[in-house]
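Below you'll find the structure, written out as structure tokens, and then a few comments.
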Amino acid sequence: MQIYLPIAELSVNVFLFLGMGAGVGVLSGLFGVGGGFLMTPLLIFAGIPPAVAVATEANQIVASSVSGALAHWRRGNVDLKMGIVLLLGGIVGSTLGVWVFGLLQGLGQIDLVIRASYVVFLGIIGALMLIESLKAISRQRKPGGKRRKLHQHNWLHGLPFKMRFRRSKLYISALLPLSIGILVGILAAIMGVGGGFIMVPAMIYLLGMPTAMVVGTSLFQIIFVTANVTFLQAWQNQTVDIFLALLLLTGGVIGAQLGTRAGAKLPGEQLRSLLALIVLGVCARLAYELLARPDDLYSIGALVGHG
Amino acid sequence: MGRIGIVGLRLSLALMLAGLARPVFAQAVVADLSDHLIAVTTGFAGTKLLLFGAIEGDAADVVIVVRGPGEDIMVRRKERLGGIWINRHNLTFGGVPAFYRLASTEPPETLASNRILARHGIGLDHISMVQPTGANGDLPTFRAALIRGKQRLGLYPEENGQITLLGNRLFRSDIFFPSNVPTGTYNVTVYLLRNGKVISAQTTPLVVSKVGVGARVFAFAHSHSALYGIAALAMALFAGWFAGAVFKRA
């Protein structure tokens, strides 16, 4: 069954995109990741214009992070104060990001920047995850390994504008979460991701937040940052396709539930190394496209009148 | 820039009509489409129109050209920079038909000289468009790249369509439009050729338009973009809340 996407301006197979939504949904349920960093490249591979893929994926992430954040909120796992500081940075970053996005689109370099950002971030995250999970697997086999130090003091704790975050039991400079928020906001706008895969490690390792608070608080921030991206992309670049978003949402919601249930029964660390391999695979494919000589050195694009 | 293309087209049409008035060209062709509107609905997956017509007088060859609305196209060339392939040079062509499809009884290059084909814009090598100014020797390569790019999108089908001739008088041809057919006003021109000359031509308009829900969504997204953004958000927020509520109970 075909459906014509009015903003992407092409006709796609309904079941293919429902399936993609479900597939990424299963992964996000299994691993507790947003899935944007897999969905956006998949959409681009499937022929959706990168600008539409990025903006529409932001719209989908709003929905998936709302249901996640609500669940964490009920369990009291959201540090509202930390979330708001991250959010302030996120709003600044994503507004900046959407503006840069439009600028790069005009210069004809947006595809390159999207792909390059993915290669860099997927490469780093995939490699770190793989190393982490391989270490964890070997620790499981050899019990009695050293425990990581909970809290380390370094130059980051000497920064000004200190703030107390009671829920996270932290007394740190507000500049830290603020700058993490800005960085993640820029990434959200340019890459069409929630940014959880950057923010969660940053919150654990840079801020030293308790792990239980991290996911709920990052989801809280992601809702509003991706909402800002969706709104600005729709308003300034007209690149949000609600038909496409609905397809991905429907598949994603079902997939995430299946994934969550399956995740409880499967070995966690082996799964994590599998996800790392998937991430590295997507990264390699995108890197190949940047580095290999293209089949055709020339590309064409319509100059849009109102752009 | 699109205007120049239209003026050019009008001019060539006027010349053609002037040519028709001369008694030597008493030949005439009449043709029509099975439909003058292609409705791009939500379930649109490409379509097929039938063009049919009749030739008056002696046997002649028929060429049918479907031209989409003119648009400005930027052609970019990648260059290797620090190991990465990056867009470096670009040229913009004006009045480029968004869609171009040719059908003919014989391959056009066997029917007339390049000069004649170029004058009428018959064949992928002769599509009339506004060439960029200030371009150097790169122009032909960029132009060829434009055609290739359009072909990759399926908008300039490489294979010529078939025309069925019945008793050297009646002809018919199926014209296929892919699912990504651009919207706008098209011109379907039927040329009658004999002895290397275009002896008659007739142009029929065709409108490709989004209709139904998709059309309204597109119009709304462009006319009230801020409101559209809020609507998209409301949908996502509701969907997220709804999914959470349903699966919490389950």
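The values are calculated or read from the model by the stated rules, or taken from the named source; none is laboratory data. Keep in mind the model is a prediction, meaning the values are calculated, not measured. Heads up, the Cβs are rebuilt from the backbone with ideal geometry, glycines too, and the neighbour counts pull from every protein chain shown.
Quick look at the values:
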| read-out | value |
| --- | --- |
| Subset of the range B:201-220 [crowded, with 20+ Cβ neighbours inside 10 Å and farther than 17 Å from B:Val40 by Cα] | B:Ala201 |
| Residue ID - farthest from the other protein chains (Cβ to nearest Cβ), chosen from residues in the range B:128-160 that are within 28 Å of B:Lys197 (Cα to Cα) and in contact with a strand residue (DSSP E or B) (Cβ under 6 Å, 6 or more places away or on another chain) | B:Asn160 |
| Selection within the range B:153-191 - part of a strand (DSSP E or B) and either farther than 27 Å from B:Gly43 by Cα or not assigned by TED's automatic domain parsing to the domain that holds B:Phe44 (or both) | B:Thr164, B:Leu165, B:Leu166, B:Leu170, B:Phe171, B:Arg172, B:Thr189, B:Val190, B:Tyr191 |
| Test result for A:Ala22, at pLDDT 85 or above, surrounded by fewer than 24 Cβ atoms within 10 Å (Cβ to Cβ) and more than 11 Å from chain B (Cβ to nearest Cβ) | yes |
| Qualifying residue in the range B:192-200 (condition: among the small types (Gly, Ala, Ser), surrounded by fewer than 21 Cβ atoms within 10 Å (Cβ to Cβ) and in the same structural domain as B:Leu37 (by TED's automatic domain parsing)) | yes |
| Among (1) surrounded by 14 or more Cβ atoms within 10 Å (Cβ to Cβ); (2) at pLDDT below 95; (3) closer than 28 Å to B:Leu37 by Cα - the single one B:Leu166 does not satisfy | (1) |
| Residue match in the range B:30-39 (condition: within 14 Å of chain A (Cβ to nearest Cβ), over 18 Å from B:Glu159 (Cβ atoms) and either among the acidic types (Asp, Glu) or part of a strand (DSSP E or B) (or both)) | yes |
| Evaluation of A:Arg261 against (1) modelled with pLDDT of 80 or more; (2) within 14 Å of chain B (Cβ to nearest Cβ) (one fails), failing number | (1) |
| Residue within the range A:59-82 that is modelled with pLDDT of 85 or more, of a type in the set (Asp, Glu) and in a helix (DSSP H, G or I) present | no |
| Those residues of the range A:216-254 which are closer than 16 Å to B:Ile230 by Cβ and among the β-branched types (Val, Ile, Thr), in sequence order | A:Ile223, A:Thr226, A:Val229, A:Thr230, A:Thr239, A:Val240, A:Ile242 |
| Of residues in the range A:140-180 being modelled with pLDDT of 80 or more and in a helix (DSSP H, G or I), the one farthest from the chain's Cα centre (by Cα) | A:Leu175 |
| Any chance B:Gly68 is under 15 Å from the mean Cα position of the chain (by Cα) and in the same structural domain as B:Asp138 (by TED's automatic domain parsing) | yes |
| Criterion: under 22 Å from the mean Cα position of the chain (by Cα) and modelled with pLDDT of 90 or more - qualifying residue of A:Ile131, A:Ile91, A:Ile125 | A:Ile91 |
